Amino acid sequence: MRILVVEDERKVASFIQSGLEQDGYAVDVMHDGDEAGAQAGLIDYDCVVLDLMLPGRSGFQVLRDIRAKKSELPVIILSAHAAPEERVAGLNAGADDYMAKPFVIAELSARIRALLRRGKPREVKLRIGDLEIDTVRRRVSRGGRAIELKPKEYALLEFLAHNSDRPVTRSHIIEHVWDIHFDSISNVVEVHINSLRNKIDRGAPAPLIHTVRGVGYMLTDQPV
C-alpha cells in the first residue's frame, strides 16, 4: 500500500513517515501544496494524509484538486484546527476522515486501514492454498505454522496476495510497495522475493511464489 503524506512541518512529516513505514506502507512525503495535487494525480496512491496549512496551495485547494481527478481516493485531513466547525468544513470539502493534532500514530494507521477496507472491500483473511494472511493483525501462517515477516516483506506478500493467480510486473510491485526514492536499478525487489520464498516456500509441499518469465511474479497454488 502506498500513502502520500502532505505536511509542511518536516519533523511531523518524518514522524508520520517513520510510523507508517513500520506498519509496512510505502510513504511519499510532500511539503508544498503546489506539488501535492499534481503528485496525487500522477501516482496510484491508496490514501492521502493531508495537512490544511501548507505553503502554496492550501490543503482545501489540494483536496479539490484530488477530488477533480480521483473522486474515490481516500483522504484523511490531519490538522491543528480541531474545532467542530473546522472538522465539518473539512469533511464537507470532500475528506473521508479528519484527525486533530496532536495525534497518536497507531490511531492514524488504524484509520487508514479502516478507510482502505471501506473504499476497496477486501477480505480480512486471505488464503492461497495453505497460506493464510490476517490483514488486520498482519499475521501470516502456512500449514498452521506462524511466519514472522519484516514490514516490507509483509507489504510485498499482501500485495501479491491481493493479486493472487495473476502475474504482477516488477514495476507494478515497485509502484505499490516502495516509495518515490526507490532506486529502479536496485535488486531490492528480487532480494525481498527471495526472502519470502525462504520463509514461505522452504520445506513446504509446493511453492506458492513463482517467477513468470518475462513478466514478473505470481502468488498462486495452481500449476504455473
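The set of residues from the stretch 93-115 being in contact with a Lys or Arg (Cβ under 7 Å, 6 or more places away or on another chain) and either of a type in the set (Ser, Thr, Tyr) or closer than 23 Å to Leu160 by Cα (or both) comprises just one member, Tyr98. Does any residue of the stretch 154-175 turn out to be among the charged types (D, E, K, R) and under 19 Å from Glu21 (Cα atoms)? So far as the stretch 154-175 goes, yes, one or more of its residues are among the charged types (D, E, K, R) and under 19 Å from Glu21 (Cα atoms). A search for C-beta distances below 6 Å between a residue of the stretch 82-98 that is charged (D, E, K, R) and any residue that is at pLDDT 90 or above and assigned to a helix (DSSP H, G or I), counting only pairs 6+ apart in sequence or on different chains, returns Asp97/Arg111. Can you name the residue in the stretch 66-104 that is part of a helix (DSSP H, G or I), within 22 Å of Ile16 (Cα to Cα) and of a type in the set (A, V, I, L, M, F, W, C) and, of all such residues, is farthest from the chain's Cα centre (by Cα)? Checking each candidate, the answer is Leu91. Summed over the stretch 111-133, the residues that are under 30 Å from Lys199 (Cβ atoms) and surrounded by fewer than 13 Cβ atoms within 10 Å (Cβ to Cβ) give a count of 6.
Checking every residue in the stretch 49-67 against the condition of being within 18 Å of Pro151 (Cα to Cα), in contact (Cβ under 8 Å) with a residue 60 or more places away in the chain and not aromatic (Phe, Trp, Tyr) gives zero matches. In the condition set (1) under 19 Å from the mean Cα position of the chain (by Cα); (2) over 14 Å from Ile128 (Cα atoms), Thr211 is compliant with all but (1).
Out of Val75, Val104, report the one residue that is touching a strand residue (DSSP E or B) at 6+ places or on another chain (Cβ under 6 Å) and free of Cβ contacts under 8 Å to residues at least 60 places away in the same chain.
Going through Val75, Val104 in turn, just one is touching a strand residue (DSSP E or B) at 6+ places or on another chain (Cβ under 6 Å) and free of Cβ contacts under 8 Å to residues at least 60 places away in the same chain: Val75.
In the stretch 1-14, of all residues being in contact (Cβ under 8 Å) with a residue 40 or more places away in the chain and aliphatic (A, V, I, L, M), the one that is nearest to Leu160 (Cα to Cα) corresponds to Met1. A Cβ distance below 6 Å, combined with a sequence gap of six or more or placement on separate chains, defines the contacts here; from the stretch 15-36, residues that are under 23 Å from Ile173 (Cα atoms) reach residues that are part of a loop (DSSP other than H, G, I, E, B) in the pairs Tyr25/Met1; Ala26/Trp178; Ala26/Asp179; Val27/Asp179; Asp28/Asp179; Asp28/Ile180.
The values are calculated or read from the model by the stated rules, or taken from the named source; none is laboratory data. Remember, predicted model here, so these are calculated numbers, not experimental data. All Cβ positions, even for glycine, are placed from backbone atoms using ideal geometry, and neighbour counts span all protein chains on display.
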